[in-house]
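The values are calculated or read from the model by the stated rules, or taken from the named source; none is laboratory data. Not measured: the values here are computed from a predicted model. For neighbour counting, all protein chains shown are included, and Cβ atoms are generated from backbone atoms with ideal geometry for every residue, glycine included. Heads up: the accessible areas ignore ligands, DNA and RNA and are worked out on the full protein's heavy atoms, side chains in. Shrake-Rupley method; radii C 1.70, N 1.55, O 1.52, S 1.80 Å.
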Amino acid sequence: MSSSADALPSRDAIVATAGETIARGSKSFALASKLFDRETRARAWLLYAWCRACDDLADGQDLGFELRAVADPMARLARIRDLTDRALAGQWVGEAAFDGLRLLCAEVPIPRAMIDEHLAGFALDAEGWRPSDEADLIRYCDHVAGVVGCMMAVLMGIPADDAETLARARDLGRAFQLANIARDVREDAIGGRCYLPETWLQEMGLRPETLLENGAQTAMLTLRLADLAEGYEASARIGARRLPFRSRWAVLAAAGIYGDIARKVRRRGEAALGARVITRKRAKLGWVARALWQARKGHA
């Protein structure tokens with residue numbers, strides 16, 4: 001008879017499941033992750049899978065698609081916290097993404113404060129929070145993506161007390177989230193959410209309910225988001241110089257690939273509200289090649 005330990009999934013199996021999750025959930029991040037060394041890649045997949053599982057639980061989504069209002073946001077938040085707490089306590093919880101977090105945190109000294117900061121972003125969404133001004137927006141970006149950049153830096157070997165490098169990693173997460181918000185204004189509006197600051201809306205005479213009825217004015221705000229995203233991307237590229245070569249290559253590729261979302265939103269203007277902006281595979285591969293040159297030369 002097999003013991004209960006024999007029935008537990010192996011690390012390789014959990015990593016493989018995480019790899020499937022990132023391949024389906026984000027083709028951009030999946031491609032960039034292939035540039036890491038094997039161990040860093042596996043750990044990046046584990047972190048992504050946990051973040052994706054939390055997001056899907058909070059939003060009632062499947063791999064980030066089809067945002068819809070949920071009837072029990074606080075109950076979902078409680079489940080996310082419970083599963084995370086159990087995983088961090090060393091328990092097997094029976095869900096690959098959270099068991100993967102257990103393995104990751106046993107291997108990498110990710111501070112609990114970073115994990116809690118990320119969970120706080122889901123709490124804001126559960127409460128129906130909306131940003132009042134630009135500083136509020138950036139704080140939200142820090143919760144949902146900036147601190148993920150910090151956790152990524154730690155699993156790449158950056159000490160958790162290297163404040164300068166982690167600040168650059170946080171900036172990359174901010175850039176990614178701002179690009180997401182700029183791209184997803186229509187989807188968010190349909191799902192009953194708005195991440196555009198209230199002060200911005202007031203300047204344009206808009207309300208969350210009227211964004212899609214006033215495309216020209218709304219597009220001016222997505223331009224502001226794209227500009228912010230590019231500024232944070234530029235800052236993050238400076239920090240990439242401090243990473244090991246393979247990690248530097250992966251981060252610069254991800255920055256370019258994802259940064260193209262914000263750049264396309266800017267170029268398309270109002271038209272970006274009607275069709276989801278994506279980065280084509282050829283352009284992604286172009287960034288992989290360009291990032292290799294940048295990583296070798298030490299440029300950003």
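A few notes on this one:
- The stretch 75-171: C-alpha gyration tensor shape, a/c 1.5 cut-off, then a/b vs b/c: oblate
- Assuming charge only on the beta carbon of Lys and Arg (+1) and of Asp and Glu (-1), the dipole of the stretch 27-144 about its Cα centre is about 440 debye to the nearest 20.
- Convex hull volume of the Cα atoms of the chain, normalised per residue: 125 Å³.
- Positive contributions from Lys and Arg (+1) and negative ones from Asp and Glu (-1), summed over other residues with Cβ under 12 Å from the Cβ of Val265, come out at +4.
- Surface composition of the chain: carbon plus sulfur atoms contribute 52% of the solvent-accessible area (1.4 Å probe, protein chains only, all chains present).
- Leading residue at positive end of dipole, the stretch 17-142 (Cβ point charges), from Leu35, Ala106, His118: Leu35
- A 1.4 Å probe run over the chain, with the rest of the protein chains in place, finds 46 Å² accessible per residue.
- Among Pro73, Ala135, Ala53 - extreme Cα towards positive end, dipole of the stretch 37-149, charges at beta-carbon: Ala53
- For the pair Met220 and Glu203, label points projected 7 Å from Cα toward Cβ lie 0.9 nm apart.
- The region of the chain that goes longest without hitting one of the GluC sites (Glu not before Pro) in a DSSP loop, each with at most 12 other Cβ atoms within 10 Å, is 128-300.
- Think of it as helices only: each DSSP H run of n ≥ 4 in the chain is worth -39500 (n - 2.57), and spread over all residues that comes to -22500 deg cm²/dmol at 222 nm.
- By average C-beta atoms within 10 angstrom, highest first, the peptides 47-54, 119-126: 47-54, 119-126
- Highest-MSF residue in the chain out of Gln217, Gln202, Gln177 [GNM, Cα springs under 10 Å]: Gln202
- The stretch 149-216: C-alpha gyration tensor shape, a/c 1.5 cut-off, then a/b vs b/c: prolate
- Equivalent-ellipsoid semi-axes for the stretch 1-152 (Cα gyration tensor, √(5λ), whole Å, largest first): 26, 18, 15.
- Qualifying trypsin sites (Lys or Arg not before Pro) for the stretch 182-280 [loop in DSSP, other Cβ within 10 Å: at most 14]: Arg276, Arg280
- Across the stretch 204-300, the mean sequence separation of Cα contacts (distance under 8 Å, 6 or more residues apart), normalised by length, yields a relative contact order of 36 percent.
- Placing dummy labels 7 Å off each Cα toward the beta-carbon, the span from Ala135 to Lys27 is 4.1 nm.
- Global form of the stretch 194-300, assessed from the alpha-carbon gyration tensor, a/c cut-off 1.5: prolate
- Put a dot 7 Å past the Cα of Glu270, heading toward its Cβ, do the same for Ala120, and the two dots end up 4.0 nm apart.
- Sequence-distant residues sharing a close amide H with Val93 (under 5 Å, placed H): Asp99
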